[in-house]
Amino acid sequence: MPFTIIIVVCHRSDAPRRCGSWPPLTFPMGMTSSLLPRQIKRCRRSVICLLRILRDSAFFLRTCIQLSGFSPCLTPIVLLCSNKFNFDRQTCHAYCTYCFRWAQFIGDDELRFAQKEAQSLFDYLEKHQEVSDILMTGGDPMIMRTSSLAQYLEPLTDPDFLPHVQNLRIGTRSLSFWPQRFTTDKDADELIDLLRRVREDGGRHIAIMAHLGHDRELSTKKFEDAVYRIQKEAFATIRSQSPIMRGINDDSEVWAKKWRKEVKMGIIPYYMFMARDTGAQHYFDVPMAKAHALYSDALRNCSGLIRTARGPSMSCTPGKVEVTGVEEIFGHKAFVMRFLQCRDEGWIGRPFFAKYNPKAVWFDDLEPLPGMELPWDEKGLPRPVPGRIYDEEIQVNGDVEMLN
């Protein structure tokens, strides 16, 4: 079965941080500097010391909202600039307060995971021809210069090089936080050309996996220009994904409006994620029952073209678990769930049930229904897939088979 290998790219601090000369500054998620009100620009120096002290606490969130005067539906994030900070580790255009990859940014190599050079990756792929997809993530690969990205991507412009690798995904926040990466940066043209050659010459599918959490992130002309170049010049696909976060986008109309805008721009809605069990989950989590209700309400208000979005989904120890619905099973209220991906592929697509818990936010909050068990053990690893629950003849490719 084809599967995806996730490559977390580690890049050095010589890549420009693309924030001009701004000092560390807190501003609401999805709002580029051109959208900041004048008053917060004027007072940024006076509040920066306070923000440094408060950045790690829930009080930091409330204080920043009060200082900035923005609606509490947006959460502040910290954006760091290269002329003030030197990183010999993974970085991103935005340090979202809810980011689950906190270990990637604190300098502890024992907690980080990274692929530091390309040749070992290619050696691995040569030996594992079952791999069909590469996901570049981080950090944010788009922090790197095009010349650095090219060590991974240039070989893929040759269709005879690792021909079993068919799909390249690049996870990035840059579309909303630094869209100039694709338009006016010094090496933006080289980047677009590199992506185009991987697509056209190499015959690979390229998907920009854009983290877009709110419709306001799609509202700038710079964003539109970046989307145009990616789609029309690089011939890449853009897919959107985001966690559902309390106080940010836990509103069905926000998601419906975002998805409608995305489809209008040719962006494919892909995932609504649950907040991972790390970082500031306790502050931003949305119970899975509420998340599913919001997801369903949002879909009802949208065209069928938008129903490519899957969720709410938990990327957890046993795999990607989707909350499909809430139903009554043998007199018990229950979550209906399924694996979108699993360590044991036998579980993929097979529904299972868990006791309804209106406060559950993560897979380890779930309990089995009476007389049943969850498909994972106490360590979160999948249990053996049980035999099929039906026994009948079906027709597959013109042949009659018996399922036991």
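Per-structure values
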quantity: Diffusion coefficient, µm² s⁻¹, Stokes-Einstein with Kirkwood Rh over alpha-carbon pairs of segment 162-256 at 4 °C and 1.567 mPa s; calculated: 91 µm²/s
quantity: Qualifying lysines (Cα of each under 30 Å from Cα of K379; at least 8 residues distant if same chain); calculated: K290, K320, K333, K355, K359
quantity: Rounded to the nearest 10 Å², the accessible area of E224 at probe 1.4 Å; calculated: 90 Å²
quantity: Cα pair distances of segment 204-314 binned at 5 Å [whole percent]; calculated: 2, 12, 23, 23, 18, 12, 7, 2, 0
quantity: Three semi-axes of the equivalent ellipsoid, segment 227-272, Cα gyration tensor, whole Å, largest first; calculated: 24, 10, 7
quantity: Phi-based couplings in Hz for segment 125-141 (Karplus 6.51, -1.76, 1.60; Gly and Pro marked x); calculated: 5, 4, 7, 10, 7, 7, 6, 10, 10, 10, 10, 8, 9, x, x, 9, x
quantity: Semi-axis lengths (Å, descending) of the ellipsoid that matches the C-alpha gyration tensor of segment 289-363; calculated: 20, 17, 11
quantity: For segment 165-215, diffusion coefficient by Stokes-Einstein and Kirkwood Rh (Cα), 25 °C, 0.890 mPa s, µm²/s; calculated: 206 µm²/s
quantity: Entries in K186/K261; K222/K258; K232/K264 that, when Cα-Cα distance is taken, lie over 19 Å; calculated: K186/K261
quantity: Per residue convex hull volume, Cα atoms of segment 327-376, in Å³; calculated: 85 Å³
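The values are calculated or read from the model by the stated rules, or taken from the named source; none is laboratory data. Keep in mind that this is a model prediction, so the values were computed, not measured. Keep in mind that these areas ignore ligands, DNA and RNA; they rest on the heavy atoms of the full protein, side chains included. Shrake-Rupley method; radii C 1.70, N 1.55, O 1.52, S 1.80 Å.
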